[in-house]
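Please read the structure below before turning to the comments.
Bear in mind these aren't lab numbers, they're just calculated from the coordinates by the rules spelled out. Bear in mind the structure is a predicted one, so any value in this text is a computation, not a measurement. Counting neighbours? That spans all protein chains shown, and the Cβs are built from the backbone with ideal geometry, glycine included.
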Amino acid sequence: MSKKLKLGVFGLGSVGQGFYELLDQSKNPNLEIKKIVIKNPTKTRTIESSIFSTTPTDILDDPEIDIVVELIDDAATALEILKLSLQKRKPIVTANKKMLAENLEEIFWLQRKYDTPVLYEGAVCGSIPIIRNLEMHYAFDTLESFEGIFNGSTNYILTKMIDEKSNYEEALNKAQKLGFAESDPTLDVKGYDAKYKLAITIAHSFGCFVKPEHILNLGIDKISAHDIRYAKQQGCAIKLIAKAEKIGNKVFGIVAPTLVPVENPLASVKNEFNAINLIGASTGLQMLTGKGAGSLPTGLVVLSDVASLASGFKYSYPKITNDNPVVFETDALINVHVSFSEAGAIRLTDFEEFTGGYQGEDGHFMTGWIRIKKLAEWVDRNDLSVIVLGDTPFKVYESKKEQELSLA
Ligand code: HSE
């Protein structure tokens, strides 16, 4: 870095403050924040007021600003900022996972059209350098599957509830106070946040774009006392797991509470930490772990993206540009445990392969292989809790008709 680069920052929430603080402490002579655009000018802040503006064009139309750093909450406005930045040929760093996940294919093409990069390491798993690893380390390896803890708040809540016997509300409040949770925490607890991160990771791992609405997300909000007891009996932890797997030219994925055997290193990842197990054809199993949420861990990754832009780094999307196209498939079979309190709430025929069950005064459960499409029908049911049985892969779903044809 030789020229001093001027930055325009949108948003000064939890991640923005971490980013500001770290840049300030670094005393880096080559990076300077010229303007910070905020929504609420009346909020008391410790930073010199002349740096603030409420007018986006103060950044976007300023020819002196070299790099845009977008750290706002609202995905629609974040997308507008991203598009305007690219049109002005200003490289941009963003941590807005919803905006990225919903528009990644368009953003991929816009980067090419304007020959201007977008970096977004802070959008997936906080401080873990996952996108960068997929871009560089895994560029020539064929990834077979990955599974991980992609949301810090829910991992924090599960740790407090299961290990420390806190109640759900108390644990959620604490995750909010610590700045881990989204401003709308249902995005965390219902698995949407993890799903946005999963969609972005799928693009970089397997080279296919998937819209988040095509991925099923089940949250932690329906986990019952029975589930926690069952997990302990089975020698497992319960984690909110985002996972994806490539079978042939198809990719399958889901976010769901999952029984993770204690031998799996993900079982011992606690609090706001995230982790990802990657299985590559040449590399085998590799695990990355680190803080998945919080002002400084995420602010640091944003700062590192800014420094990377300054030294000319951009994503090359090696899996997307290769000539082995893969597609995301919404349906598959997955191995689950379903618990419910009223007899008859679900039927044996809901399963493609029923493997066992229990009916008693203290509750009911059934286990077996079930279609993701069937689980999607149950998303709004509050009388059921679905837990994926970990360490089992997806199975390709073949309708009865297809099975008969293949046997003929
Ligand atoms: N709410 C998110 C989480 C923040 O808890 O993981 C980091 O993306």
Three-way shape call for region 52-109 based on the alpha-carbon gyration tensor, with the a/c threshold at 1.5:
oblate
Tell me, rounded to the nearest percent, the portion of alpha carbon pairs in the chain spaced more than 39 Å apart.
21 percent
Let me check against my output: what whole-number percent is the relative contact order of region 53-101, with C-alpha pairs under 8 Å and at least 6 apart?
41 percent
Determine which lysines satisfy two conditions relative to LYS27: a Cα distance under 22 Å, and not lying fewer than 8 residues away in the same chain.
LYS3, LYS4, LYS6, LYS35
Just to be sure I understand: with springs between alpha-carbon atoms less than 10 Å apart, which residue in THR55, THR392, THR46 has the highest mean-square fluctuation in the Gaussian network model of the chain?
THR46
Which of THR330, THR159, THR355 moves most in a GNM of the chain, Cα contacts under 10 Å?
THR355
Roughly how far apart, in whole Å, are the Cα centres of region 65-123 and region 196-255?
26 Å
Note down the magnitude of the dipole of the chain about its Cα centre, charges +1 on Lys and Arg C-beta and -1 on Asp and Glu C-beta and zero elsewhere, to the nearest 20 debye.
840 debye
A 26 angstrom limit on the alpha carbon distance is what I want to check against. Which of LYS39/LYS113; LYS160/LYS195; LYS98/LYS222 exceed it?
LYS39/LYS113
Only helices counted: for the chain, with every DSSP H run of 4 or more residues adding -39500 (n - 2.57) and the sum spread over all residues, [θ] at 222 nm is -9500 deg cm²/dmol
With a cut-off of at most 15 other beta carbons within 10 Å, and DSSP calling the residue loop, which GluC sites (Glu not before Pro) in region 215-290 qualify? Please list them.
GLU263
Sorted largest first, the C-alpha extents of region 5-119 along its principal axes in whole angstrom are 39, 28, 24
Pick from ILE92, ILE67, ILE346: which residue has the top mean-square fluctuation in a GNM of the chain where Cα pairs under 10 Å get a spring?
ILE346
Rounding to the nearest 20 debye, state how big the charge dipole of region 1-124 is about its Cα centre with +1 on each Lys and Arg Cβ and -1 on each Asp and Glu Cβ.
200 debye
One point scatterer per Cα, no solvent, Debye formula: log10 I(q)/I(0) for region 223-347 at q = 0.12 Å⁻¹ comes out as -0.72
5 angstrom amide H check on PHE52, placed H, neighbours 5+ away
ILE36
Using the charge dipole of region 270-408 (Lys, Arg: +1 at Cβ; Asp, Glu: -1 at Cβ; taken about the Cα centre), state which of LEU288, TYR397, TRP378 has its Cα farthest towards the positive end.
LEU288
